[in-house]
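The values are calculated or read from the model by the stated rules, or taken from the named source; none is laboratory data. Keep in mind it's a predicted model, so treat the numbers as computed, not measured. Quick reminder, even Gly has a Cβ in these numbers, built from the backbone with ideal geometry, and neighbours come from all protein chains shown.
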Amino acid sequence: MKYSITKILNLGAGIYHRWASHNLRKIYKKLIELADLKSDEKVLDVGCRPGNLDLMIVDGLNKGSISGIDISPKMIEIAKKKAKEKGHNIYYTEVHYL
């Protein structure tokens with residue numbers, strides 16, 4: 001079962017990335033507002049998907065940091081690529097579950 005979930009997430013990663021970039025921006029803005037983050041906090045994004053939320057948060061964290069985890073290697077690959085392209089140092093890693 002665990003491998004089929006990861007395979008499905010990997011297959012849909014590119015489509016989800018494009019969809020989320022356009023459709024979740026308002027929700028992400030509200031989440032950031034509700035979180036009331038300070039510039040020195042450490043953020044862990046569990047189920048980070050392609051890192052869109054992280055890229056919106058990172059500019060406000062002058063001394064803080066962001067780490068993202070996801071079970072989809074493809075989502076992590078996309079998130080790493082986007083962060084690198086934008087010059088941000090966000091730590092992403094794939095997690096395995098039992």
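Examine the range 58-68 for a residue that is part of a loop (DSSP other than H, G, I, E, B), on the phi < 0 side of the Ramachandran plot, loosely packed, with under 14 Cβ neighbours inside 10 Å and out of contact with any His (no Cβ under 7 Å at 6 or more places or on another chain), and state whether such a residue exists. Scanning the range 58-68 turns up at least one residue that is part of a loop (DSSP other than H, G, I, E, B), on the phi < 0 side of the Ramachandran plot, loosely packed, with under 14 Cβ neighbours inside 10 Å and out of contact with any His (no Cβ under 7 Å at 6 or more places or on another chain). Of the residues GLY51, GLY47, the single one that is within 30 Å of SER4 (Cβ to Cβ), in contact (Cβ under 8 Å) with a residue 40 or more places away in the chain, surrounded by 11 or more Cβ atoms within 10 Å (Cβ to Cβ) and within 9 Å of the chain's Cα centre (by Cα) is GLY51. Answer with yes or no whether ILE32 is at pLDDT below 95 and touching a Ser or Thr at 6+ places or on another chain (Cβ under 6 Å). For ILE32, the condition - at pLDDT below 95 and touching a Ser or Thr at 6+ places or on another chain (Cβ under 6 Å) - is not met.
Is it true that LYS74 is surrounded by 16 or more Cβ atoms within 10 Å (Cβ to Cβ) and on the phi < 0 side of the Ramachandran plot? Spelling it out, LYS74 is indeed surrounded by 16 or more Cβ atoms within 10 Å (Cβ to Cβ) and on the phi < 0 side of the Ramachandran plot. Of ASN10, ASN23, all but one fail to be over 16 Å from VAL95 (Cβ atoms) and among the polar types (S, T, N, Q); the exception is ASN23. Of all residues in the range 19-57, those that are of a type in the set (Ser, Thr, Tyr) and outside any loop (DSSP other than H, G, I, E, B) total 2. Here GLY47 clears all of (1) touching an Asp or Glu at 6+ places or on another chain (Cβ under 7 Å); (2) modelled with pLDDT of 95 or more except the condition numbered (2).
Considering the range 77-98, the residues that are buried (at least 17 other Cβ atoms within 10 Å of the Cβ), in contact with a strand residue (DSSP E or B) (Cβ under 8 Å, 6 or more places away or on another chain) and not basic (Lys, Arg) include one that is nearest to GLY14 (Cα to Cα), namely ALA79.
For the range 81-97, the set of residues classified as farther than 19 Å from HIS22 by Cα and in a helix (DSSP H, G or I) consists of LYS84 only.
I need the full set of residues from the range 27-52 which are under 23 Å from GLU77 (Cα atoms) and of a type in the set (Ser, Thr, Tyr), in order please. Within the range 27-52, TYR28 is the sole residue that qualifies.
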